[in-house]
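**Student:** The structure follows.
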Amino acid sequence: MTVAQETAAAPITGARIGVITFPGTLDDRDAARAVRLAGAEAVSLWHGDESLHDVDAVVLPGGFSYGDYLRAGAISRFAPAMSAVVDAAKGGMPVLGICNGFQVLTEAHLLPGSMVKNDHLHFVCREQAMVVENAHTAWTNEFRRGQRITVPLKNQDGQFVADERTLDELEGEGRVVFRYDGWNPNGSRRDIAGITNERGNVVGLMPHPEHAVEPGFGPASQEGPRAGTDGLTFFTSVLSSLVHA
Amino acid sequence: MGRVVVEVMPKPEILDPQGKAVVGALPRLGFTQFSGVRQGKRFELEVDGEVTPEILAAAREAATTLLSNPVIEDVVSVTDASAEVAEPVNA
């Protein structure tokens, strides 16, 4: 067990974190596993269900919901569960959108901007370094500002775009949460990998923290090949924020 | 049967990676006349009756709420295309 797991598991075993499955979602099981490794109960939620079943936080996992038809995330945004997520997010509930989940959050207008095809047009799958720029959100409070972390990244439509005014606002308000480090893998404006809302409870990012939560199954790290568990801190962070809420 | 055609294009300031790939491929086939390509979407919305002003208004609303994302796309036309007979040019 890592230090993070021990400290997280102890105080709030009662936290319930929902993971929504849409048709075409791929990473819901990994996200649920990440939630459990962090010490919380993972609650499976179905996109067609209007209730969030009293969960304390919600993860919108990655994948290709509705086959990315129309636009990535565009059809999922209108799922019954998303109305509940929008209401809960406006009330302050922590919501994390990963990859396709980030695309759903932008389509639902919980986060600004949008994603278009990668500038090089190729699907990209790699271990991606990024820098934590905001360590005060519900999902990043156990990171340090300036910390360099590595988690897997895999996408086709991962190029974050927004108009200059919106980008300036995000920068000015400290709402850029993660910036790609070393190489910008998709042409995202200003190397932005993840952002948050004004309140800091809703976070969306293209890379996949849920794939870097367990030694032996994560990206390479200083501890060795596949030893990286930087992603687990997202899930322990949200447990801390629930305790201190 | 009536039909409304909605056309959606990427915003001019947004780099259109697909259009860029197409414009790169054209000269390789000898089409050197074209200096730029932008790729958009065409939706054909079918209705059982005639296309009334109300139907057109509903199509405009659908175009801006679901069929396009205003952050990256513009709805460039919403038209009654009931009389239009689509003849494929590659037939």
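Let's see how each residue does on (1) within 11 Å of chain B (Cβ to nearest Cβ); (2) out of contact with any Lys or Arg (no Cβ under 9 Å at 6 or more places or on another chain); (3) part of a helix (DSSP H, G or I):
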{"site": "A:H53", "(1), (2), (3)": "no, no, no"}
{"site": "A:A88", "(1), (2), (3)": "no, yes, yes"}
{"site": "A:F102", "(1), (2), (3)": "no, yes, yes"}
{"site": "A:L105", "(1), (2), (3)": "no, no, yes"}
{"site": "A:H122", "(1), (2), (3)": "yes, yes, no"}
{"site": "A:E127", "(1), (2), (3)": "no, yes, no"}
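**Student:** In region B:29-58, what count of residues is obtained for those that are aromatic (F, W, Y) and either modelled with pLDDT under 95 or in contact with a helix residue (DSSP H, G or I) (Cβ under 7 Å, 6 or more places away or on another chain) (or both)?
**Tutor:** So the answer is 2.
**Student:** Can you tell me which residue among A:G187, A:G218, A:G194, A:G231 is closer than 15 Å to A:L111 by Cβ, crowded, with 16+ Cβ neighbours inside 10 Å and either touching a helix residue (DSSP H, G or I) at 6+ places or on another chain (Cβ under 9 Å) or polar (S, T, N, Q) (or both)? Break it down into steps so the answer makes sense when it comes.
**Tutor:** On the way: A:G187 fails: closer than 15 Å to A:L111 by Cβ; A:G218 fails: closer than 15 Å to A:L111 by Cβ; A:G231 fails: closer than 15 Å to A:L111 by Cβ.
Residue meeting the stated conditions: A:G194.
**Student:** Just wondering, is there one or more residues in region A:69-80 that are of a type in the set (D, E, K, R) and within 14 Å of chain B (Cβ to nearest Cβ)?
**Tutor:** Just the residues of region A:69-80 that are of a type in the set (D, E, K, R), to begin with: A:71, A:77.
Subset that is within 14 Å of chain B (Cβ to nearest Cβ): A:71, A:77.
Yes: one or more hits.
**Student:** How many residues are outside any helix (DSSP H, G or I) and surrounded by 14 or more Cβ atoms within 10 Å (Cβ to Cβ) if we restrict to region B:30-67? Show your work before the answer.
**Tutor:** Of all residues in region B:30-67, those outside any helix (DSSP H, G or I) come to B:30-52.
Of the ones still in play, those that are also surrounded by 14 or more Cβ atoms within 10 Å (Cβ to Cβ) are B:37-41, B:43, B:45, B:47, B:51.
Selection size over region B:30-67: 9.
**Student:** Considering region B:73-91 alone, what residues qualify as being within 14 Å of chain A (Cβ to nearest Cβ) and among the β-branched types (V, I, T)?
**Tutor:** Once the filter is applied, which keeps residues that are within 14 Å of chain A (Cβ to nearest Cβ) and among the β-branched types (V, I, T), region B:73-91 yields only B:V75.
**Student:** Among the residues of region A:148-182 satisfying the criterion of being polar (S, T, N, Q) and under 17 Å from the mean Cα position of the chain (by Cα), which is farthest from the other protein chains (Cβ to nearest Cβ)?
**Tutor:** The residue in question is A:T150.
**Student:** Something else about it: Tell me which of these A:T137 doesn't satisfy, since it passes every other one: (1) in contact (Cβ under 8 Å) with a residue 40 or more places away in the chain; (2) within 14 Å of chain B (Cβ to nearest Cβ).
**Tutor:** All conditions are met except number (2).
**Student:** Name the pairs whose Cβ atoms lie under 6 Å apart, with the first residue in region A:66-77 and within 12 Å of A:G101 (Cα to Cα), the second among the acidic types (D, E), and 6 or more positions between them or separate chains?
**Tutor:** Going by the 6 Å Cβ cut-off, the qualifying pairs are A:A72/A:D157; A:G73/A:E107; A:A74/A:E107; A:R77/A:E107.
**Student:** List pairs: first residue in region B:53-72 and at the interface with chain A (Cβ under 8 Å from one of its Cβ atoms), second residue part of a helix (DSSP H, G or I) anywhere in the structure, Cβ distance under 8 angstrom, at least six positions apart or on different chains.
**Tutor:** So the pair list comes out as B:L66/A:F78; B:N69/A:E107; B:V71/A:T106.
**Student:** Next question. Within the set of pairs 6 or more residues apart or between chains, which connect a residue that is under 17 Å from A:D28 (Cα atoms) and free of Cβ contacts under 8 Å to residues at least 60 places away in the same chain inside region A:43-55 to a residue that is of a type in the set (G, A, S) and assigned to a loop (DSSP other than H, G, I, E, B) with Cβ atoms less than 6 Å apart?
**Tutor:** Every condition considered, the pairs that remain are A:H47/A:A79.
**Student:** From the list B:P27, B:P88, B:P17, B:P70, exactly one residue is exposed (fewer than 11 other Cβ atoms within 10 Å of the Cβ) and not polar (S, T, N, Q). Which is it? Even if it seems obvious, please write down each step before you answer.
**Tutor:** Working: B:P27 fails: exposed (fewer than 11 other Cβ atoms within 10 Å of the Cβ); B:P17 fails: exposed (fewer than 11 other Cβ atoms within 10 Å of the Cβ); B:P70 fails: exposed (fewer than 11 other Cβ atoms within 10 Å of the Cβ).
Unique residue meeting the criteria: B:P88.
The values are calculated or read from the model by the stated rules, or taken from the named source; none is laboratory data. For clarity, every value in this text was computed on a predicted model and none was experimentally measured. Glycine gets a Cβ as well: all are built from the backbone with ideal geometry, and neighbour counts include every protein chain shown.
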